[in-house]
Amino acid sequence: MFKDRVLRIVASIPSGKTLSYKEVAEAAGSPGAARAVGNIMKGNYNPAIPCHRVIRSDGKLCGYNRGGTEAKRALLEKEKLSQIVGK
DNA sequence: ATAATGACGTGAT
DNA sequence: AATCACGCCATTA
């Protein structure tokens with residue numbers, strides 16, 4: 001199912017890396033299903049899926065059911081910094 | 001099976 | 001550059 005594929009791809013996102021919903025959708029095999037991707041996470045998010053690494057194509061964030069967009073942004077910043085600084 | 005929703009994207013104004 | 005509107009796809013009710 002597309003959902004499973006998307007989750008799998010999101011789980012494959014390395015730390016400090018951020019993919020856009022469009023990219024994920026494309027990688028899942030359905031380019032253009034960016035909305036569907038976001039919808040999938042929203043309705044069926046898996047604790048093992050770092051969905052916070054998935055952002056919009058604009059580079060902005062959108063939502064997060066786990067603390068809000070703010071927490072998501074902080075998390076991304078942290079991961080990015082860790083990736084750059086030192087691993 | 002159909003209708004409505006949404007964590008999007010792109011184009012136009 | 002920012003905002004509005006429209007279109008798209010899969011999921012869920």
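Read-outs throughout are calculated quantities, based only on the coordinates presented, and are distinct from any laboratory measurement. As the structure is a prediction and not an experimental result, all values here were calculated from the model. With ideal geometry, Cβ positions are generated from the backbone for all residues, glycine too; neighbour counts draw on all protein chains shown.
Cross-link partners of A:Lys78 among aspartates and glutamates, defined as those whose alpha carbon lies under 18 angstrom from its own and excluding same-chain residues fewer than eight positions apart: A:Glu70. Under 5 Å between amide hydrogens, built in the peptide plane, is the criterion, and for A:Ser12 it picks out nothing among residues at least 5 positions away or on other chains. Between A:Lys80 and A:Cys62, the modelled label-to-label distance comes to 1.9 nm, taking each label 7 Å out from Cα in the direction of the beta carbon. In summary, the lysines within cross-link reach of A:Lys3, defined as a Cα separation below 25 angstrom excluding same-chain residues under 8 places away, comprise A:Lys17, A:Lys22, A:Lys42, A:Lys60, A:Lys72. A simple rule links phi to the HN-Hα coupling: the Karplus curve 6.51 cos²θ - 1.76 cosθ + 1.60 with θ = phi - 60°, which for segment A:4-11 gives 4, 4, 4, 4, 4, 5, 4, 5 Hz, with x for Gly and Pro. How big, on average over all directions, is the shadow cast by the Cα convex hull of chain A, in nm²? If you wrap the Cα atoms of chain A in a convex hull and average its projections, you get 5.2 nm².
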